[in-house]
Amino acid sequence: MLRFVTAVALCLAVTPSFAQMVSISPEQIGQIFCISRLGNDMAPVEGLLTTELRGAIAEAETRNAALQQAHPDEKPPLGDGIPWQAFPDYAAECNVGAVAIDADRATVDIAYGFPDYPDANFTDHLELIRVAQPDLPEPLWRIENLGYATEGDLRSVLVSAFAN
């Protein structure tokens, strides 16, 4: 019996009493974004968006669907989907570039590559912020916006697409 009690006490002594939270880094968010772009499936990214960006996308999709229903013979503003990158062409390569962190903000370069046409390569920029979570001790990185290689950004395009 003494051996059993000693063994239990030893197990409890070496067993951590709590798990430490590990959050996703800005670079890892960039990697998830690239995997999603190459796979043409942005569902994994949706959970990494701020509530505000998710809301802006949902509103734009609702407005787009209403226009499509009202004018079924015309292509709606988001007829090619949410513009997740500066140019609509499928890029064969997507890589995380430089990551700049400044307190609760980060910028992650997303470099798109076209091996057969290297002059077409371009780099967009994920704009991240740390967002407090009600049930977690530390804020988590979330995508606040996407800056395009050209002028503009995702949020602006979602608004301007329906300005007319």
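For the stretch 29-65, the set of residues classified as small (G, A, S) and loosely packed, with under 13 Cβ neighbours inside 10 Å consists of G39, A43, G47, G55, A58, A65, listed by residue number. Output the residue which, of all residues in the stretch 147-158 that are part of a helix (DSSP H, G or I) and touching a helix residue (DSSP H, G or I) at 6+ places or on another chain (Cβ under 8 Å), is nearest to T123 (Cα to Cα). The residue in question is L154. The set of residues in the stretch 66-113 being buried (at least 18 other Cβ atoms within 10 Å of the Cβ), in a loop (DSSP other than H, G, I, E, B) and aliphatic (A, V, I, L, M) consists of L78, A86, A91.
Just to be sure I understand, how many residues within the stretch 86-126 are more than 16 Å from C34 (Cβ to Cβ) and either out of contact with any helix residue (DSSP H, G or I) (no Cβ under 9 Å at 6 or more places or on another chain) or free of Cβ contacts under 8 Å to residues at least 40 places away in the same chain (or both)?
Going residue by residue through the stretch 86-126, those that are more than 16 Å from C34 (Cβ to Cβ) are 88, 100-105, 116-120.
With the extra rule that they be either out of contact with any helix residue (DSSP H, G or I) (no Cβ under 9 Å at 6 or more places or on another chain) or free of Cβ contacts under 8 Å to residues at least 40 places away in the same chain (or both), the set shrinks to 88, 100, 102-105, 116-120.
Total satisfying the criteria: 11.
Within the stretch 40-65, how many residues turn out to be out of contact with any Asp or Glu (no Cβ under 9 Å at 6 or more places or on another chain) and assigned to a loop (DSSP other than H, G, I, E, B)? Talk me through it step by step, then tell me what you get.
Within the stretch 40-65, the first condition is being out of contact with any Asp or Glu (no Cβ under 9 Å at 6 or more places or on another chain), and the residues that meet it are 40-48, 51, 55-56, 58-65.
From what is left, the residues that are assigned to a loop (DSSP other than H, G, I, E, B) are 40-42, 47-48.
Residues in the stretch 40-65 being out of contact with any Asp or Glu (no Cβ under 9 Å at 6 or more places or on another chain) and assigned to a loop (DSSP other than H, G, I, E, B): 5 in total.
All of R142, R155 fail the test of being in contact (Cβ under 8 Å) with a residue 60 or more places away in the chain, buried (at least 18 other Cβ atoms within 10 Å of the Cβ) and more than 13 Å from the chain's Cα centre (by Cα), apart from R155.
Evaluating L12 against the criteria (1) in a loop (DSSP other than H, G, I, E, B); (2) among the hydrophobic types (A, V, I, L, M, F, W, C); (3) at pLDDT below 95 leaves one unmet condition, (1).
The values are calculated or read from the model by the stated rules, or taken from the named source; none is laboratory data. Here the structure is a predicted model, which means the values were calculated and not measured. Reconstructed Cβ throughout: ideal geometry from the backbone, glycine too, with neighbour counts over all protein chains shown.
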